[in-house]
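The values are calculated or read from the model by the stated rules, or taken from the named source; none is laboratory data. Model, not experiment: these values are computed from the prediction. Using ideal geometry, Cβ is built from the backbone for each residue, glycine included, and neighbour counts are taken over all protein chains shown. Side chains included, ligands, DNA and RNA excluded: accessible areas come from the protein's heavy atoms. Shrake-Rupley method; radii C 1.70, N 1.55, O 1.52, S 1.80 Å.
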Amino acid sequence: MGKSFRTKMFVALLGLLVPMLALILIAVNHTTDKQVESFTSQSATRSQEAFKEAEDLNRDVLTTLGIRFATSSRSAALIREHDDTAFVAANLRYDLDLSGHDSALVAFTNIEGIPVAGIVRRRLLRDAAEAVPGQLLDSLLVGPDTTKFGYKLIEGRLYSVYMSLVRLARTPEGFVIVGTPIDARMAEDLGRAVTGEVCFVAADRCVAATAGMSANGLPEGDMVDATRGTPTNIITRGGKRWLLIANPLAGGVGYRVIARQLDPLLQPFDDIKRVLLRAGLLALLLAPLFAVFLARGLARPVRALVAATSRVARGDYTAFVPVTTNDELGTLSGAFNEMTQGLLLKEQYRGLLDKVISPEIANEMLKSDISLGGENREVTIVFADIRGFTPFTEGMEPQEVIAILNETMDRASAAVEREGGVVDKYIGDEIMALFGAPLSHNDDAESAVRAAVGIRDAIQALSDERVSRGQRGIGVGVGVNTGIVVAGNMGSERRLNYTVLGDAVNVAARLCSQAQPQEILIGESTYRIVADAVIAKPAGNRMLKGMSQPMPAYAVEGIKAPRVRLAPALRSVVVAIAAAAALGLPHDAQSQRKPLVSYTNASGSRQAAISARFEVTGYAPQNAPPWLIPETDPFVAPRASVYGEVFAGEKTYGLAELR
């Protein structure tokens, strides 16, 4: 330890009581800030977990109710009966009575998103559009999803809503919106879970809140104001300090605001501060003035180092500590600056490496010594190439060509990365992606085909955008193949490239070259793996360049939807309904029902008849009631139907049914 530093320490120990107390006070403040930060983080996490649990329960209820309407043929029929809103509302009330959610929100739109009808708390909405969440509808109209969950403010009340596509058979008919109100009971449950006060804010007011807000002197306006600033705020009301945390609700219609008291946490630190302040005032009267100057000279470089270290901990490697002394602190400051310069250079190298090659490949190369060589592994390779790119860009400026390539490759790369693939390289207007190297998964082939469909759809969307702007559209051909390849670092000792080589790569490239615009061709090896998961048709045997024999290819049209498994109790209900319906279907061109009124012309070639049927279906729920039926005891459900039938000749038959 140097002489000047020992002198400063000796003088500080003798007379610098104030700086010592000041440092302790700074430490206490720092600890207090850390405690508040930790308390804030814990409160935010706790509130999010509690709200997510409540939201998940609510989402499950709404999903169950939404599936009931979305999969019902009655819903499709009600959408078609949009001109008679009273009829639609009556049927919705009937269905809600069966579901046990008579206070819920239910609304329909047609397939274009135009509102049909809606009820809230069994009352017909004057304007059905008030029940339609705009953001959820827009995302369903333009995106691949068929369901969305969010929130909607209706007649001054906040509702959690679930929106789903309604199909009849496989034909989309429209959308159904179901919802339940966010009320004080939910706020109270959430408040007990987070040990605080809760307020749901929408339209600049609390639409649902805990009763303790008023009892604790916490104004509603403070909860509303918390949604306009930073996500966390600390305020003092009635002598109490509160931490306010505001989180937006899905759909952009409001916020969830949590308020927790800080006094129990901060009271010990306040007591310590008061003691230190009193001791500091006493020491201020005794300590010599020159000691303050020396202590300041000692503390300044230390604080600079602490501040710079905090910046480095946050990832800011541009932190620099001025070297103002020649003692050990000056040496430490210089060493710290050299360290940050080295870290900054390393970060720049890593950032450049991630831009040049995929992060997955970079991580694989950094795991061990970089050397030439590879290993055999099964990989699915995807090639995607812009069709007719050379004539397409003829006469364009180089900057415009680069802009088109960048936009196209950006969307194609996003589709690959979304499915867990790795972009190996860009070859002009072509992209090569790998699934299974450097990291492999159980569904690499299926992920590759999903990525190929994603590339096709993304480029089609880009093409549509260009056409809407009066520009030429873009087409892409995609080739996919699976096989054993050599994967590893290839090139020279001075310049390496992680890639794959083998016949499977060549086949994928040849399939890509033969694919028509917006066509996806996959090899037989890939098709055998993904046959159950994709919609594909044979594309004939293809004679690929460099291959001695023709190879079968398959054209992918899309991805199959996952199968839905029914619970045992629900399965028994579905079987009962299906059996009851089957009993009423005609088995040949002539009706099996005995007509109430009939007509036959003289030749017998034309007939008309009116008949009726009454049936009773029995239900015996097993254990817990299925979600379609809110009953636990066995019961029967009667149904009456009236049929009008017309026969013309031997091959023409018409049927109209009124239930």
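This model, with +1 at the C-beta of Lys and Arg and -1 at the C-beta of Asp and Glu, gives segment 68-189 a dipole about its Cα centre of some 200 debye. Distances between every pair of Cα atoms in segment 439-506, grouped in 5 Å steps from 0 to the bin holding the largest one, split as 4, 13, 14, 16, 14, 13, 12, 9, 5, 1 percent. Counting every alpha-carbon pair across segment 169-210, the share separated by more than 15 Å comes to 55%.
Leaving out ligands, DNA and RNA, and with a 1.4 Å probe, what % of the accessible surface on segment 420-496 is carbon or sulfur? All intermediate terms of the calculation are to be shown ahead of the outcome.
Details: 1570 of 3280 Å².
Looking at segment 420-496 in its full context, I get 48 percent from C and S.
Give me the 1.4 Å probe accessible area per residue for segment 29-131, excluding ligands and nucleic acids, in Å².
Using a 1.4 Å probe on heavy atoms only, each residue of segment 29-131 averages 51 Å².
Straight Cα distances below 19 angstrom link K240 to the aspartates and glutamates D33, E37, E197, E220, D222, D225, D263, D270, D271, with same-chain residues fewer than 8 positions distant left out. The modelled label-to-label distance for the pair L501/V646, using points 7 Å beyond Cα in the direction of Cβ, is 7.4 nm.
Applying Stokes-Einstein at 4 °C and 1.567 mPa s to the Kirkwood radius of segment 420-538, computed over alpha-carbon pairs, gives a translational diffusion coefficient of 84 µm² s⁻¹. Given a cut-off of under 8 Å on Cα pairs at least six residues apart, what relative contact order in percent is computed for segment 449-564? It rounds to 23 percent for segment 449-564. For the pair R192 and Y653, the difference between a 0.36 nm per residue extended length and the Cα-Cα distance amounts to 159.5 nm.
Plugging the Kirkwood radius over Cα pairs into Stokes-Einstein for segment 84-189, at a temperature of 20 °C and a viscosity of 1.002 mPa s, what D comes out in µm²/s? In µm²/s, the coefficient rounds to 153. Does segment 122-238 come out rounded, prolate or oblate by the C-alpha gyration tensor, with a ≥ b ≥ c the root eigenvalues, rounded set by a/c under 1.5 and, if not, prolate when a/b is larger than b/c and oblate if not? Prolate, because a/c is 1.5 or more and a/b exceeds b/c.
Put a dot 7 Å past the Cα of E407, heading toward its Cβ, do the same for A203, and the two dots end up 4.1 nm apart. With a simple spin-label model that places each label point 7 Å from the Cα along the Cα-to-Cβ direction, the separation between R418 and T71 comes to 2.7 nm.
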